[in-house]
Each structure stands twice: as C-alpha cells, then as structure tokens.
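Only one structure is covered here, and it is reproduced in the block below.
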Amino acid sequence: MDMRRVLTEYATTGGVGVLRPGAGLDAVTEVLGEPRAADYFPNPKGTWSRTFAYGDVRLEVCECRRIFTVALSTWTGTVEVPTGQPGELATLASEVTFAELKQLFATAGVEWELWEPPTVRTQLTVVVGEYPQDVHYTFAVPDPATPDTATLHSVIAKDVEHAC
C-alpha cells in the first residue's frame with residue numbers, strides 16, 4: 001500500500017477500502033474492527049452526528065449509522081490508514097504535490113476539476129466526482145506563481161445530501 005493507491009482509491013471509490021460515504025458503520029466494523037472515537041467534527045457529547053477514526057482516516061457518521069464524510073489530513077508528513085485487516089494500520093509518507101496528483105490522475109484516467117478560491121491565493125482544490133457526492137483534494141500553495149509545487153493538505157469525500 002502507498003499514498004498513490006490511497007489517493008486514487010479516494011478518486012475512484014470515494015474513500016479508503018470500506019471507508020466511504022454511504023457505507024454502514026456496522027458493516028465497516030465487521031471488516032476493520034471497532035473504530036476509535038474522534039472529535040475532529042465536534043458535536044455535543046452523546047448526540048449524532050458522531051466522528052470516529054481508523055488511524056488518521058476520520059469518519060462522520062449520522063444517526064442511522066451511515067458514513068457521510070471520510071477525511072484524511074495529509075499535511076503531517078505521514079498518515080496511518082487501515083490495511084483492510086482488523087486493527088492493522090499502514091504508515092505512509094503523505095507529501096504529494098499538485099504536479100504529482102495531476103500525473104497520478106492522468107495515469108489512472110481520473111477526471112477532475114480545479115477550484116481556486118477567488119480571494120485565497122494560498123489554496124487550491126481538485127474536485128473529483130459530482131455534487132453532492134464528491135472528493136476534495138486541498139493543497140497549500142506557498143507560491144502562487146508555481147502551483148505545481150503546492151502540497152496536499154487534506155482529502156475529504158462527502159455526501160452532503162445524506163438524510164436519515
């Protein structure tokens with residue numbers, strides 16, 4: 001397993017292995033074991049939605065126990081992602097440039113669109129898929145004159161229209 005595979009899988013399936021929007025938490029738990037509670041998407045304790053994690057892959061889960069967000073922060077240099085075996089995580093180097101992602105997607109035949117916030121010159125986002133189910137690859141752009149050197153900050157797959 002490597003980061004290129006994880007990023008391509010996000011683009012083609014919306015997540016990492018069984019962790020994807022629309023998946024049921026019970027089915028995921030059967031494959032990967034129990035997740036740990038996480039507080040990345042904070043909600044009052046004991047209410048839904050709730051956040052869980054497998055390594056560095058964070059899940060936002062609604063009251064019907066369906067996953068509607070799968071997020072991975074990559075700015076840390078390494079990430080831990082589930083291998084597909086219960087309790088097993090792989091540590092991967094997570095630094096990927098915009099140029100590398102474009103080449104990866106070209107090789108994999110993944111179609112994408114570029115979204116650059118009109119007032120923020122230090123960020124760009126590659127969007128794969130269509131609203132309301134899409135994946136956002138957000139990059140930190142240290143030098144707007146050389147966007148290909150921008151480094152991946154996070155990947156977030158979501159289904160924003162999920163309703164229980």
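Name the cysteines of the chain that stand alone by the Cβ rule: no other cysteine Cβ under 4.7 angstrom.
Result for the chain is Cys62, no neighbouring Cys Cβ within the cutoff.
May I ask you to derive the relative contact order of segment 43-100, considering only C-alpha pairs under 8 Å and at least 6 residues apart, and to give it as an integer percent?
Worked out over segment 43-100, it gives 23 percent.
Return one number: the angle in degrees, 0 to 90 and rounded to the nearest 10, between the long axis of the Cα atoms of helix 98-108 and the longest principal axis of the Cα atoms of the chain.
70 degrees
Using alpha-carbon positions, what is the distance between the centroids of segment 86-164 and segment 10-82, in Å?
What the calculation gives is 18 Å, centre to centre.
Can you tell me the orientation of helix 3-13 relative to the chain, as the angle in degrees between its alpha-carbon axis and the longest Cα principal axis, to the nearest 10?
Between the helix axis and the principal axis of the chain, the angle is about 70 degrees.
Per residue, what accessible area does the chain have, given a 1.4 Å probe and all protein chains present, in Å²?
On a per-residue basis, 53 Å².
Can you give the relative contact order of segment 12-164 as a percent, counting alpha carbon pairs under 8 Å and 6+ residues apart?
Once normalised by length, the contact order is 21 percent.
Averaging sequence separations of C-alpha pairs under 8 Å and six or more residues apart, then dividing by the length of segment 83-164, give the relative contact order as a whole percent.
Rounded, it is 26 percent for segment 83-164.
Tell me, what is the 1.4 Å probe accessible area of Thr47, in Å² to the nearest 10?
50 Å²
Leaving out ligands, DNA and RNA, and with a 1.4 Å probe, what % of the accessible surface on the chain is carbon or sulfur?
Taking all protein chains in place, the chain shows 51 percent carbon and sulfur surface.
The values are calculated or read from the model by the stated rules, or taken from the named source; none is laboratory data. Predicted model only: the values in this text are computed from it and were never measured. Cβ sites come from the backbone with ideal geometry, for glycine too, and all protein chains shown count toward neighbours. Remember, those area values only see protein heavy atoms, side chains included, never the ligands or the DNA or RNA. Shrake-Rupley method; radii C 1.70, N 1.55, O 1.52, S 1.80 Å.
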